[in-house]
Amino acid sequence: MTEVAAMELPRSGGRRGETILRLLRRPAGAIAALIVVLIVVGVLAAPVLAPHSPTEFDYERLFAGPSWDHPFGTDELGRDLLSRVLHGGRTSLWIAALATLISMVSGAVWGFVAAFRSGWVGEMMMRAVDVTLGMPVILIGLVLVAAFGSSILSLVLILGFLFAPATARLARSAILSELESDYYLAATSVGAPPWRIIFGELLPNTVPVLLARASIVAAAAIFVEASLSFLGLGVQPPAASWGTLLQIGYASLYSSYWYSIFPGVVIVVTVLALNTLGNSLQYALDPSRR
Amino acid sequence: MHRFDRRLRVAMLALAASALTFGSIGASSSDGALNASTGTTVQAQTCKQQGALRYGLAGGGVNNLDPAISNLANRVVIMPLLYPSLTKLRQDGTVVPDLATKWRHSADLKTWWFYLKRNIRYADGRQFDADDVVANVLRNLDPKVGSGARRFINDIRSVRAITKYQVRFKLGSPSAILPDALYLVKMVDVSDVSRLATQGNGPGPYKVARYVPNNTLTLVPNPFYFGPKPCLRSITIIAQPDTTSMVTAFRSRKLDMIWQFPATAVSAIQGTRDAVIIKPRTVSTAHVLEVDTTSPPFDNPVARRALSYAMNRTAMVRAAFLGEAQASVANSPISVTSPAYNKKLPKHTFNLNRARQLFTQAGIKPGTKFTYWAQAGKRPEWITNGQILQQDLRKIGINLEIEQADPATWVAKFNPSPKKFPNLIVATFLSLQPAPALGLSAALKGCDCNWGLVPGTPYPRYYSMVLQSLGVPDPAKRQGLYDRLQSMFNQESPFMVIAHQSNLVAAHKSVNGAWEDPSGNMHLESARIVP
Amino acid sequence: MATYVLRRAVTSVGLLVLSSMLIFVVLRLIPGDPTVLKLGGSGTDVDPRAFEALRHELGLDRSLAYQYVHWIDGILHWDFGLSYFSQYPVTTLITDRAGATFQLALVSLLLGLLIAVPAATLGAVWRNRVFDSLLSGGTALGMATPSFVTGIVLIVIFGVKLDLLPTQGYVPFGEDPVESVKTVLLPAVTLAVAIAAPIVLILRSSLDDVASAPYIRTAQGKGLLRRRIVLGHLLPNATIPTLTMVGVIVGDLLGGTVIVEYVFARPGLGSLMVDAVYQRDYEVLQALVLLAAAAFIVTSFIVDLLYGVLDPRLRVRGQEA
């Protein structure tokens, strides 16, 4: 694997291949990566894996506890909760993935532009970032959901927006440290064209840092979506995310103790795995630990 | 716009079922009202002031002490405690004198005299007399105040203090039920309106001791109260973040009483030691689906009947209310448990083929999209019902999109009225009046007495029959009219009744004397705690 | 140094002004005007004149710019307006509720540090594999559990099953110290979990960094006592990066209390904020968000200054800049 990567990407490729290896060598990172892969695959394969239809009612079995037929029990309409959790994961993960993409792309562009415009423009751009960073995420989330509704699209946009500023700050500092690096100085001194340095060297080198960040943003997106759902402002039925399942389960706590446990556990495990993956990536990428 | 007979309209104003969520108190039974020209004060037993009652409610605490600002049903519980009216409500829904000792009216029912008790004082010790009555009535009539009581009393042409203890009302047209309407005019200290919202000075049995808006409100006995001393040392109304934590707090005895808990918790409450579920004597509250009967497609009664047939009410009662409600399969505003219910009504038994047929007849093609609009976090039952309807409508090719909005967005959608809402189905809870005529009057829409969220078309034939029923002394004949009214309602289906359900209230056995009126509001005036 | 401080102070004030504008405009974009909610909450049809009168009374019929200037002018005179709903002055609402939040924030921050600092230090010094994996597992779990989940679990265990601690409300310390502490305990633990996790993470890694630094090795070589190395060299040097994290946490505490106060029905600023969002109580919300922004900006300002004090290298650089 290292060799292939090294052949294709002669200079910085070696670094990346090493990173992956170093990530996998840490047990926590490897386990986290495995869990994330399992969850993503499980959720994508929901139509195959789910034992029942996630929308089929069974008025004879409302709020049933776990059984062989329904390992997670059933919900308020007798739907199979395992199937609901698997399908609900699609909504949760889609929202998280798209929100992450938006926050990464917009945040990175913002941060890069701010880094290259070192004058007052860049300064203003970063101050704008500070303004949004200064307000509690959950509060802005509440206000924005109130303003733009809680359709899946608006949730994606809102969550993407919420996490963009911190990404911008990270992207900017990543670029700034690249600008101070020896190879950048060397490249500019040999007179390589600026666009080639930027697209050929600078940006690819910040990708790993941003990847680590993406993993953490995805975790945060799931987290905040669950919190908004807890306040009743998340995904609307019949679509269900893990957050809405948890919320309905909590509201029906006295009819079914089981209901809220499984969605809750799935949220915690996913966030845990994504966070650990992100941290391990960061760790693996940190040059001081080489 | 139709113009109706004034007399009819005035009667209706007073009668019309009051709105959902607003604690409805409107008027009471016609028979009771017509001969209630004299009354006696109800004697409460004297008692030592002991015990502190902790009362929990979910979905927003008390945020304003001015009774004219009618923004939350949750606040209604404090009204009889702080602000009595000239009349007060009894458990059967009739009214008796409270601040008044008696009243009389002219033969044409257009002039009324109310006589006041002489020893009434506000919580701050100031004397309460006829001038205060006049000031309060005028304040409630002022359109700028936005009082919820206004539409019930807006035919009052003049109100004057004849003596210090006598008030005269002159009406634009005859009304037999002014005492019932005046129950809605809560007497407050209007001498300083700016302090009303925060101080809550009234002549009621209790007064405000400690108040954290949206969180807790502690009431203690008013030393100047004219009646027998209340039996509690204090009543604390504590806002709960959600119904689950409310039930949790109740079960661990951090609350003595909880209001409006969900049906999903009934078994948990029943399993709690020393807990009882309090029920009203009659139920006149209902979960309904409202539609705009002035906009397509639901301006067509055929489309409304189609919707009614597409509603699997039995499944809804089973899944959303866990059996704790009475399905209204024949779509009647009168509960099936009421003696006035018309048992011969044609049933709108769940039948998708029939629904499809009627939808087609009304020109609604497969692929049509309706929106189901409900308030977020308020009643999970509504979302369960929405999903049942959604699934069934999909089978006949109609898409139902469920949308939940936070309370502010929800309310903003309907105000200021009038607006148009094509293709919209709104899930709400209606507090209707217990008397059949009043429950049936709930179909009244589109006149000045519009109570609903969405516009409705007037229905003159129905109105005149409701009014006619008020003047029929023979119970059998009256029931005949009720039966016909229910048939008309069933045929027109101005809104869809899913099921009748009271607000679920639980208390520990030590709490005595608290009762729920048929419209779902709690009365703690004579509550006490027996150790 | 002085110019640096001055520059930071000016930017901070600029940031506050920008924040206030942002808050002001965004709030007015939300559907659901407060007059509608106040008068039409029952769903009854309210006379349009009542809306007009109330809009006029609240000044909502004026232009946005006028409203903003009016608001700022009020703030400069320490007048944050009245809550549209309760009619209380916003300053009263905030000061009345600040106690509950302040107590919660303080106790949970102390608890968080009390858990995090010894745990991280022990992990770095002891280097026991089992303890280490427990620690990192616990940290990761703490970061991955939404605080409402932690809160609910604690309520079910300590409030319902064991019936040991109150699950709701707030008792001022001055009124009943014992009850006050009992009431704050569950919410504080909930929040402390969320606070401790990131501190452990960052302190642990900076402890590792410092431990491998040459001067520590020198100290070890010199045969200094282990405890002296840890307390005298390791911790102080590892504190600097941790300080930023603590700063961020303190600045964000108001946000952190939102969900916790909601779950534990605590009458603090967080629950005031949620209610204000639901009721579109602009005046209350504006003041609170401004307060949150100010808390964040001020803390990061202080942290920056402390940084300069603690790390001489930065002080020099600051002078150069």
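One table, with the values for the structure above:
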{"read-out": "Heavy-atom SASA rank of B:Cys47, B:Cys231 (probe 1.4 Å, accessible area, largest first)", "value": "B:Cys47, B:Cys231"}
{"read-out": "The protein assembly as shown: proportion of alpha-carbon pairs further apart than 40 angstrom, %", "value": "50 percent"}
{"read-out": "Derived scalar couplings ³J(HN,Hα) [region A:155-170; Karplus, 6.51 cos²θ - 1.76 cosθ + 1.60; whole Hz; x for Gly, Pro]", "value": "4, 4, 5, 5, 5, x, 5, 4, 9, 5, x, 5, 5, 4, 4, 5"}
{"read-out": "Shape of region C:249-293, Cα gyration tensor, a/c cut at 1.5", "value": "oblate"}
{"read-out": "Whole-number percent relative contact order across chain C, with pairs defined as alpha carbons under 8 Å at least 6 apart", "value": "27 percent"}
{"read-out": "Solvent-accessible area lost in complex, 40 Å² minimum, residues of region C:161-192 relative to chain alone, 1.4 Å", "value": "C:Gln168"}
{"read-out": "Efficiency of FRET between B:Asp92 and C:Ser133 - r from beta-carbon atoms, R0 60 angstrom, step 0.05", "value": "0.30"}
{"read-out": "FRET E, pair A:Leu153, B:Ala209, Förster distance 35 Å, beta-carbon r, rounded to 0.05", "value": "0.10"}
{"read-out": "Apportionment of accessible area to carbon and sulfur, chain A, percent (1.4 Å)", "value": "70 percent"}
{"read-out": "Vicinal HN-Hα couplings computed from phi for region C:184-195 (Karplus, 6.51 cos²θ - 1.76 cosθ + 1.60; Hz; Gly/Pro x)", "value": "7, 4, 4, x, 5, 5, 4, 6, 4, 4, 5, 7"}
{"read-out": "Crossing angle, helix A:27-44 versus chain A [Cα axis fit, 0-90 degrees, rounded to tens]", "value": "60 degrees"}
{"read-out": "Mean projection area, nm², convex hull over Cα of region B:286-500", "value": "11.1 nm²"}
{"read-out": "FRET E, pair C:Asp163, B:Ser464, Förster distance 60 Å, beta-carbon r, rounded to 0.05", "value": "0.50"}
{"read-out": "Region C:173-298: relative contact order as a whole-number percent, Cα under 8 Å and 6+ apart", "value": "22 percent"}
{"read-out": "Residues with amide H under 5 Å from that of A:Tyr254, placed H, sequence gap 5 or more", "value": "none"}
{"read-out": "Region C:59-168: chymotrypsin sites (Phe, Trp or Tyr not before Pro) falling in loop per DSSP and having at most 10 other Cβ within 10 Å", "value": "C:Trp78"}
{"read-out": "Listed residues C:Pro267, C:Pro241, C:Pro118, most fluctuating in chain C (Gaussian network, C-alpha, under 10 Å)", "value": "C:Pro118"}
{"read-out": "Accessible surface, per residue, of the protein assembly as shown when the full set of protein chains is kept, probe 1.4 Å, Å²", "value": "40 Å²"}
{"read-out": "Within the accessible area of region C:98-310 (1.4 Å probe), percent carbon and sulfur", "value": "72 percent"}
{"read-out": "Chains A and B, summed buried accessible surface - 1.4 Å probe, Å², nearest 100", "value": "2100 Å²"}
{"read-out": "Spin-label pair A:Asp58/C:Arg62, simplified geometry with 7 Å Cα→Cβ offset, distance in nm", "value": "6.3 nm"}
{"read-out": "Spin-label pair B:Asp131/B:Leu352, simplified geometry with 7 Å Cα→Cβ offset, distance in nm", "value": "7.0 nm"}
{"read-out": "Largest-first principal axis extents of the Cα set of region A:91-181 (Å)", "value": "43, 24, 16"}
{"read-out": "For region B:81-150: rounded, prolate or oblate by the Cα gyration tensor [a/c cutoff 1.5]", "value": "rounded"}
{"read-out": "Lysines whose Cα lies under 19 Å from that of B:Lys343, excluding same-chain neighbours fewer than 8 positions away", "value": "B:Lys477"}
{"read-out": "Region B:115-202 shape via C-alpha gyration tensor axes, a/c threshold 1.5", "value": "oblate"}
{"read-out": "Value of relative contact order over region B:286-500, rounded to a whole percent, pairs C-alpha under 8 Å and six or more apart", "value": "37 percent"}
{"read-out": "Per DSSP, loop trypsin sites (Lys or Arg not before Pro) in region C:103-205 with at most 13 further Cβ within 10 Å", "value": "C:Arg127"}
{"read-out": "Distance from region B:143-217 to region C:230-245 (C-alpha centre basis), Å", "value": "65 Å"}
{"read-out": "Residue-by-residue Karplus 3J(HN,Hα) for region B:166-183, coefficients 6.51, -1.76, 1.60, Hz, glycine and proline x", "value": "9, 10, 10, 10, 10, 9, x, 8, x, 9, 8, 10, 4, x, 5, 5, 6, 4"}
{"read-out": "Shielding by other protein chains, A:257-265, mean Cβ within 10 Å", "value": "1"}
{"read-out": "Alpha-carbon spread of region C:98-310, three principal axes, descending order, Å", "value": "63, 42, 33"}
{"read-out": "Point-to-point label distance, A:Arg196-B:Ser510, nm (Cα→Cβ direction, 7 Å offset)", "value": "8.5 nm"}
{"read-out": "Distance between region A:79-104 and region A:109-186 - C-alpha centres, whole angstrom", "value": "24 Å"}
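The values are calculated or read from the model by the stated rules, or taken from the named source; none is laboratory data. From a predicted model like this one, the values you see are computed outputs, not experimental measurements. Cβ atoms come from the backbone with ideal geometry, glycine included; neighbour counts cover every protein chain shown. Quick note on the areas: whole protein, heavy atoms, side chains included, nothing else; ligands and nucleic acids left out. Shrake-Rupley method; radii C 1.70, N 1.55, O 1.52, S 1.80 Å.
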